[in-house]
């Protein structure tokens, strides 16, 4: 694992930057403090991450520390350990439980031993800073701010947020997607995908029952917003005077172009993650059932088969290939992938758009994913037709010989 990853924060910079436009001096100052703290942490992260790969294995054992509103992790006190009693601090218990659910999800669903696959210990730090409006993974541990209680709540209260951040660690130890432009947007999208899968798995929700929202608990009740992001409908998670409108695109025709700088969100990584997010949602809905099963396995295997520089096209092609390997060429799962990427404006390499549309229409005419139809049915029909043509040719040849 390289040592060049930035601090991965759940709150995109464009949300905090909106607060800098507020007429309220205290709101502006709180937002500025959070942004400056995050910038400082980026420098520390480069140093800390160089030691992350050497973290002692511990079968995913959890330890929660209390920063007591300090910004120095080394000064934090023990709040709860794997073998210790429940804490009197609700934030410590929420963080402890969420780390455990995420660990158990990866273990039970994908047979992965903690974040690094080798039993990496899971350390969490609560009450970081004063009114710190974020939560982040820094390469070794999870860190939680308390929010300001007015716009942002305690970040230990959102399971999918915590799973999102821990999944940045999984990505660090697998594909290592470079954190800029399309590969950076894939990095963010993977965290949203598995963040929502952990939540759906914990609640035992089917694809129809899930809300497909990321961070519904982050906003306080006083904020008119559904969530930080919507995987079902990117660009619709919030729309209010304070934060503006959710800027995520849901297809390539709306792709956001920004500079590959910190001010440009590293090439709009938090914006454009909406496109692969929508592709996963569409794939899971076409396949049906529990998203962490077939769709989740497909995305996880594709993540492991990916490379750091991958663009959306590369990842789309890998998901299509993996669907064929896992479920069969022409399977309903593979057609679900084909349809999903086409809907967000990405054609699978080697399959002309017209052919892709014909295959998808075949599935739609014959019913839901999972039936014996679609491309597999087309292949069988072609095989039967070929056999008929061959037999007809033999009969013609026999008639000529007889004549």
- Ascending count of other beta-carbon atoms within 10 Å, so fewest first, for 344, 207: 207, 344
- Rounded to the nearest 0.05, FRET efficiency between residue 90 and residue 308 (Cβ-Cβ, R0 45 Å) equals 0.70
- Query: What is the gain in length, in nm to one decimal, between residue 343 and residue 260 on full extension, counting 0.36 nm per residue of separation less the C-alpha to C-alpha distance?
  - Reply: 27.2 nm
- Residue order, fewest to most surrounding Cβ atoms within 10 angstrom, among 91, 273, 183: 91, 183, 273
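Rank these for me by crowding, 325, 165, going from fewest to most other beta carbons within 10 Å.
Final ranking by Cβ density, sparse to dense: 325, 165.
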- Note on the structure: Relative contact order as a percentage, segment 229-360, C-alpha pairs under 8 Å and 6+ apart, gives 21
- Item | Förster radius 41 Å - calculated FRET efficiency between residue 351 and residue 22 (Cβ-Cβ, nearest 0.05) | 0.25
- Quick calc, residue 293 & residue 240: beta-carbon distance into FRET formula, R0 35 Å, rounding 0.05, result 0.45
- Taking Cα centroids, how far is segment 175-251 from segment 77-95 in Å? 28
- Query: Where the centroid of each part is defined by its Cα atoms, how far is segment 294-362 from segment 147-166 in Å?
  - Reply: 32
- With a ≥ b ≥ c from the Cα gyration tensor eigenvalues, square-rooted, and the rule rounded for a/c under 1.5, otherwise prolate when a/b > b/c and oblate otherwise, segment 54-210 is rounded
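Coordinate-derived values only; no laboratory data. Note that this is a predicted model, so its numbers are computed, not measured. For neighbour counting, all protein chains shown are included, and Cβ atoms are generated from backbone atoms with ideal geometry for every residue, glycine included.
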